[in-house]
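Participant: Questions regarding the structure given below will be posed in turn.
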Amino acid sequence: MMQTFKAFSALLSYPQADMLAALPEIADIVRTSPLIGQRERQGLLELVEDLATGDVLEAEERYVDLFDRGRALSLNLFEHLHGDSRDRGTAMVDLKQLYEASGFELATRELPDFLPVVLEYLSRRNMDEARELLTDCAHILKSIARAMIARQSQYAAVLQSLLVIAGEQPVDGDKIRPVKEPVELLDRNWAEQPAFAGASMPGNPGFNATNSEN
């Protein structure tokens with residue numbers, strides 16, 4: 001079951017050659033995982049199909065346009081919680097220490113709070129720990145999901161699936177009006193929404209890790 005998180009990590013990563021080559025395996029995981037609800041499964045398979053059959057350059061451009069243009073859709077979790085404040089640096093250190101205490105050493109240029117990194121970490125932990133962490137960052141996941149739905153992005157299926165696994169209600173897409181404005185407008189709309197309602201990342205602060213024990 002934990003391979004589900006590995007598949008989600010890959011889907012949210014930049015669509016380079018190795019990820020695209022793994023799409024048939026990812027599709028198999030999506031079809032068979034008991035963690036994924038039927039509605040979310042369909043959305044995930046549509047995303048996989050789009051990545052598998054679409055133009056690679058267009059997929060890369062769409063990814064950059066979606067995730068690298070503003071805070072509302074950033075996959076760096078602490079950016080939603082702390083912005084550019086010093087607290088973000090402290091949280092990042094705590095998260096890196098969590099990885100190291102669990103026997104993992106970061107082997108990527110991405111920051112520890114990058115969601116695909118967090119998900120790869122969770123793919124190597126037990127389900128109780130995974131659910132606890134996802135529950136603690138559910139407000140962030142919902143915020144990103146809302147922004148994705150507003151942009152009519154198929155990537156929203158990944159965030160919706162994570163919310164369901166966390167025991168949360170997925171975002172009701174029918175209540176979100178589609179927008180065509182730049183992502184910066186979404187930043188203004190949701191910048192003031194608290195991520196954890198005053199709470200910080202729990203005992204699991206934060207996440208593409210390589211097991212240093214192997």
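The values are calculated or read from the model by the stated rules, or taken from the named source; none is laboratory data. Bear in mind that the values here come from a model prediction, so they are computed numbers and not experimental data. Note: ideal-geometry Cβ built from the backbone for every residue, glycine included; neighbour counts use all protein chains shown.
Participant: Considering only residues that are part of a loop (DSSP other than H, G, I, E, B) and buried (at least 24 other Cβ atoms within 10 Å of the Cβ), which ones fall in the range 129-154?
Facilitator: Scanning the range 129-154 gives a single hit, CYS137.
Participant: Do we have GLU120 as part of a helix (DSSP H, G or I), surrounded by 18 or more Cβ atoms within 10 Å (Cβ to Cβ) and modelled with pLDDT of 90 or more here?
Facilitator: Yes: the conditions hold for GLU120.
Participant: Which members of the range 36-51 meet the condition of being at pLDDT below 95 and over 15 Å from PHE8 (Cβ atoms)?
Facilitator: The answer is GLN38, ARG39.
Participant: I'd like to know if the range 65-86 contains one or more residues that are surrounded by fewer than 19 Cβ atoms within 10 Å (Cβ to Cβ) and hydrophobic (A, V, I, L, M, F, W, C).
Facilitator: Among the residues of the range 65-86, at least one is surrounded by fewer than 19 Cβ atoms within 10 Å (Cβ to Cβ) and hydrophobic (A, V, I, L, M, F, W, C), which makes the answer yes.
Participant: So, in the range 159-198, of the ones that are among the acidic types (Asp, Glu), at pLDDT below 90 and part of a loop (DSSP other than H, G, I, E, B), which residue ends up farthest from LEU115 (Cα to Cα)?
Facilitator: GLU181
Participant: Also, quick follow-up: Just checking, how many residues over the range 30-53 are buried (at least 19 other Cβ atoms within 10 Å of the Cβ) and charged (D, E, K, R)?
Facilitator: 1
Participant: If you don't mind, there's one more thing I want to ask. Name the one entry in VAL93, VAL158 that is under 27 Å from LEU51 (Cα atoms) and either buried (at least 18 other Cβ atoms within 10 Å of the Cβ) or over 16 Å from the mean Cα position of the chain (by Cα) (or both). Full working, then the answer.
Facilitator: On the way: VAL93 fails: under 27 Å from LEU51 (Cα atoms).
Result: VAL158 is the single residue among VAL93, VAL158 that is under 27 Å from LEU51 (Cα atoms) and either buried (at least 18 other Cβ atoms within 10 Å of the Cβ) or over 16 Å from the mean Cα position of the chain (by Cα) (or both).
Participant: Basic (Lys, Arg) and within 23 Å of ILE144 (Cα to Cα), is that true of ARG31?
Facilitator: no
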